[in-house]
Amino acid sequence: MNILQIGAGGIGSYLAELLFKLYRDGVQGTENMNLTIIDDDKVEEKNLRYQNFEIKELEEYKARALSNRYFFNSVNKRVEKDEDIANFNLIVLAVDNGKVRKLVYEYCDKNPTTKYIDLRSEGTAIAFYTSNKSNDLATMLKTIDADAPSTSCQLKFELEQGKIQQGNKIIASIGSQLILNELREEPNIARYNFRF
């Protein structure tokens with residue numbers, strides 16, 4: 001299965017590690033996994049507190065750093081058009097960007113053989129949405145503000161106080177199970193929201 005993971009930051013960097021370990025350990029279903037990670041950001045010092053990067057990776061593209069470590073494919077660019085996400089069976093959203101989410105929802109609506117898993121985290125709040133009849137295009141568009149600026153998996157005021165929350169790691173773990181379900185052709189539930 002060709003999987004595109006959009007985002008290599010707070011959620012995506014931990015998700016990549018989890019998927020690598022599942023593949024390395026020969027977990028059933030992963031033998032058919034072909035993962036590409038796409039992101040245009042570079043590793044910054046501030047990311048080291050809550051993203052899965054090391055000091056030696058500073059100033060490297062995040063997608064490339066994860067690719068070098070976990071041997072997945074990488075693309076160092078921003079997702080902006082349908083061509084950027086074409087030819088994948090599953091698109092995993094690990095980025096907090098309303099425009100990208102809207103693009104993916106609309107693409108999957110036009111291409112129903114392509115599924116999505118949308119992983120979200122903001123501080124201690126986590127949520128996910130999956131391709132499902134109850135998550136039609138109109139429903140999913142109501143869950144986002146496509147014009148809002150990109151945010152972080154950490155709340156700004158908490159970062160300023162030196163607080164780091166673990167919601168991004170939790171949703172990455174849940175995301176790895178949702179991806180396994182897709183690889184095994186087992187059903188996923190439609191959505192889940194939780195605040196600790």
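The values are calculated or read from the model by the stated rules, or taken from the named source; none is laboratory data. Everything numeric in this text was worked out from a predicted model, so none of it was measured. As a convention, Cβ positions derive from the backbone with ideal geometry for all residues, glycine included, and neighbour counts pool all protein chains shown.
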Query raised in the report: Using beta carbons and a limit of 7 Å, which pairs, at least six apart or on different chains, have the first residue in segment 30-45 and within 16 Å of F88 (Cα to Cα) and the second one exposed (fewer than 14 other Cβ atoms within 10 Å of the Cβ) and of a type outside the set (D, E)?
Result: I38/K77
Report summary line: Turns out the strands (runs of 3 or more DSSP E) fully within segment 22-139 with at least 3 residues that are over 27 Å from I164 (Cα atoms) are 34-38, 73-75
**Report entry** Number of positions in segment 160-180 that are more than 16 Å from the chain's Cα centre (by Cα) and either modelled with pLDDT of 95 or more or in a loop (DSSP other than H, G, I, E, B) (or both)
**Finding:** 5
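Working carefully through the options N89, N132, N52, N68, find the one that is surrounded by 14 or more Cβ atoms within 10 Å (Cβ to Cβ) and over 22 Å from N188 (Cα atoms).
Criteria check complete, one pass: N52.
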Query raised in the report: Among R120, R78, which is the only one that is closer than 23 Å to V43 by Cβ, touching a Cys at 6+ places or on another chain (Cβ under 9 Å) and modelled with pLDDT of 95 or more?
Result: R120
**Report entry** Scan of segment 152-177 for residues that are surrounded by fewer than 22 Cβ atoms within 10 Å (Cβ to Cβ) and touching a strand residue (DSSP E or B) at 6+ places or on another chain (Cβ under 7 Å), ordered by number
**Finding:** L155, I170, I174
